[in-house]
Amino acid sequence: MTTPPTRRFAFFEGEYVPHEQARVPISSHVVNYGTGCFEGIRAYWNGEREQLFVTLLGAHIDRLLRSARILNLGYDGTRDELCDLVLELLRRNDLREDSYIRPLIYKAEETIKVTLTGLRTAMAAYCMPMGGYVDIDRGLRLAVSSWRRIDDNAIPARAKVIGSYVNAALASDDARQKGFDEALMLTGDGHLAEASSSNLFLVDGDVLVTPESSDDILVGITRTAVLELAVEMGLRAREGRVDRSQALAADEVFLCGTGVQIAPVAEIDGRVIGDGQPGRITMALQKRYLQVMRGEVVDHADWRTPVYAETDSG
């Protein structure tokens, strides 16, 4: 006898509905113009504790609300409401494996008028199982893209704007068509900004370097966590302008983000980074990050929010 598929639920138009019912019209503003923002949030399953831990939930919701404010979306929901919504959505889907949650705030009005003010704003969210976005056990092969990172004066770089991800898709697709795993993007004046949808780190001795926030990057939540973990591990960390050749000369390079987690880089534009293998510091940071987010250590309990009934005591 065939087991029936598990029913999925989404949050849409103010209520929890079957996932297949969460649909927007083709004439909605967000479909036509990309006028909205979103967050990508991971949750990690700890089998020993039978608990699902949401990673840095408050920080993600804070950024979602900031993105909505930057875009002048006129959303009036609160931080606590959105945090509760994420947890309830995961419970309703009874997810007991590594998962991903995508909340969105967007313009739902059915109009062709190119504006933001005065149009109806809606909020929706869905979730799904999610393992690896990229292979984090081997070194990735990157290419510097001919597509430049969006300028903050064109589309706000610090907001996760739905429409702006065309920029990331063009760069990523171009790199993959050429046989690479991912793209690195330059600012308008030629400095390294980030990968198509993740932040960039270099390792030079015991110093971690990452592009500064003013270089048109999305200021990643995982990036902030990595900077803190690095200092705890006795490393020095700094933000600054990063040149292309600086990355080629680095001892180690890695990407970080909710999707990619912490992913080592083996090559950039055909040049081998270090010895071409995942770096010692990169892999130590990766191990530490995953231990914390999976609830395998006591430290940083405030970085993870349990979904099911349990106090996260580590």
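The values are calculated or read from the model by the stated rules, or taken from the named source; none is laboratory data. Quantities reported herein were computed from a predicted structural model and do not represent experimental measurements. Cβ atoms come from the backbone with ideal geometry, glycine included; neighbour counts cover every protein chain shown. Side chains are part of the model used for accessible areas, which takes the heavy atoms of the whole protein and leaves out ligands, DNA and RNA. Shrake-Rupley method; radii C 1.70, N 1.55, O 1.52, S 1.80 Å.
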*Could you give the dipole magnitude of the chain about its Cα centre, charging the beta-carbon of Lys and Arg +1 and that of Asp and Glu -1, in debye to the nearest 20?*
560 debye
*Taking the chain as the region of interest, what is the percent of Cα-Cα pairs per 20 angstrom bin, listed from the shortest bin to the one with the maximum distance?*
31, 58, 11, 0
*asked:* Net charge around G274, counting only other residues with Cβ within less than 9 Å of its Cβ (Lys, Arg = +1; Asp, Glu = -1)?
replied: -3
_Mean accessible surface per residue for the stretch 48-195, computed with a 1.4 Å probe while every protein chain stays in place, in Å²_ = 47 Å²
*Wrap a convex hull around the Cα atoms of the stretch 186-270, take a quarter of its surface area, and give that in square nanometres.*
5.2 nm²
*For a quick protection proxy, order the peptides 26-32, 138-144 by their average other-Cβ count within 10 Å, most packed first.*
138-144, 26-32
_For a distance above 13 Å, tell me the whole-number percent of Cα pairs in the stretch 1-64 that qualify._
78 percent
*asked:* Applying a 10 Å radius around every beta-carbon, put 163-175, 111-123 in order of their mean neighbour count, most first.
replied: 163-175, 111-123
*If each Cα of the stretch 1-107 is one equal point scatterer, what is log10 of I(q)/I(0) from the Debye formula at q = 0.17, 0.20, 0.22, 0.23 Å⁻¹?*
-0.89, -1.16, -1.31, -1.37
*asked:* I need the shape label for the stretch 156-214. Rule: rounded when a/c is under 1.5, else prolate if a/b > b/c, else oblate, with a, b, c from the alpha carbon gyration tensor.
replied: oblate
*What is the sum of charges around D189, taking Lys and Arg as +1, Asp and Glu as -1, for the other residues whose C-beta is under 14 Å from the C-beta of D189?*
-2
*Would you mind calculating the relative contact order of the chain from Cα pairs under 8 angstrom and at least 6 residues apart, reporting the percent as a whole number?*
19 percent
_If the reach is capped at under 23 angstrom between alpha carbons, list the lysines near K160, excluding any in the same chain fewer than eight residues apart._
K107, K113
